[in-house]
Structure formats: C-alpha cells, structure tokens
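A.B. asks: For reference, the structure I am asking about is given below.
The values are calculated or read from the model by the stated rules, or taken from the named source; none is laboratory data. Computed from a predicted model, the values in this text were never measured in an experiment. Ligands, DNA and RNA are excluded from the accessible area calculation, which covers all protein heavy atoms including side chains. Shrake-Rupley method; radii C 1.70, N 1.55, O 1.52, S 1.80 Å.
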Amino acid sequence: PMRGISDAKVLVVRQKLFEEFKFNHPDAELIDSIVPPTAALREVSHPRIEMLAYSIEKMADADIVIFATGWEKYAGCRVENRVAQYYDIPVIYA
C-alpha cells in the first residue's frame with residue numbers, strides 16, 4: 001500500500017493489472033507482495049522500511065515487475081523500481 005491510497009484500492013488496481021497481463025501470459029502467477037494487515041511486524045523505528053523490505057524480498061522470486069501509473073510519486077515504489085533495474089528484472093509500466 002502507498003501512502004494516501006487505501007489497501008482496498010491498491011488491491012483492486014493490482015488485480016486489474018494482473019488480469020490484463022495474464023490475458024497475454026496465461027501461465028503468469030501473482031506474487032503477493034503486500035504485507036498482510038495481520039502480519040506481526042516488529043517494533044522498529046521505521047516500519048515503512050520493514051514493509052519495503054518485505055516487498056523486495058518477494059521481488060526475488062519475480063520474473064517481471066509491473067508498476068501502475070503514478071508509481072514514481074511513492075518512495076517505496078521508486079526503490080523497488082531501482083532494485084528491479086539493478087538486478088535486471090524486466091519492468092512493465094502500466
């Protein structure tokens with residue numbers, strides 16, 4: 001989830017983008033990189049960084065990463081984008 005956007009909205013956008021991608025790539029599988037609300041995050045000084053670490057950990061299994069319109073406005077998305085670039089994970093900008 002991104003600051004200012006509800007979890008529900010993020011899930012809806014993510015599902016729509018995945019369905020569009022899956023139409024042309026029927027074997028595609030979605031890696032759920034959103035920290036579940038029930039996850040017991042440790043008490044840390046910067047919980048948003050811990051959430052980012054969780055999503056980057058999930059990227060380790062990805063063959064491709066899709067970024068929704070507006071991704072560049074969010075620090076975590078910018079970091080994820082750089083990680084994808086540095087580690088040669090193909091990126092689609094939707």
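A.B. asks: Counting only C-alpha contacts under 8 Å and six or more residues apart, can you give the relative contact order of the chain as a whole percent?
C.D. replies: Rounded, it is 26 percent for the chain.
A.B. asks: Let me ask something additional. Taking the chain, how much of its Cα-Cα pair set, in percent, is spaced more than 15 angstrom apart?
C.D. replies: Percentage above 15 Å: 63.
A.B. asks: What whole-number value in Å² describes the accessible area per residue of the range 46-94 for a 1.4 Å probe?
C.D. replies: Result: 68 Å² of accessible area for each residue.
A.B. asks: Hey, any idea what % of the chain's accessible area is carbon plus sulfur with a 1.4 Å probe?
C.D. replies: 56
A.B. asks: Given a 1.4 Å probe and heavy atoms of the protein chains only, how would you sort His25, His46, largest accessible area at the top?
C.D. replies: Heavy-atom accessible area, descending, gives His46, His25.
A.B. asks: Can you pull the accessible area of Tyr86 for me, 1.4 Å probe, Å² to the nearest 10?
C.D. replies: My reading of the accessible area for Tyr86 is about 150 Å².
A.B. asks: Tell me the mean residue ellipticity at 222 nm calculated for the chain from its helices only (DSSP H runs of n ≥ 4, each -39500 (n - 2.57), averaged over every residue, nearest 500).
C.D. replies: It lands at -15000 deg cm²/dmol.
A.B. asks: Once amide H atoms are placed 1.01 Å from N in the peptide plane, what residues at a sequence separation of 5 or more from Val65, or on another chain, have their amide H within under 5 Å of its amide H?
C.D. replies: Amide H neighbours of Val65: Val91, Ile92.
A.B. asks: While we're here: Probe 1.4 Å, all protein chains in place: accessible area of Glu19 in Å², nearest 10?
C.D. replies: Rounded to the nearest 10, that gives 110 Å².
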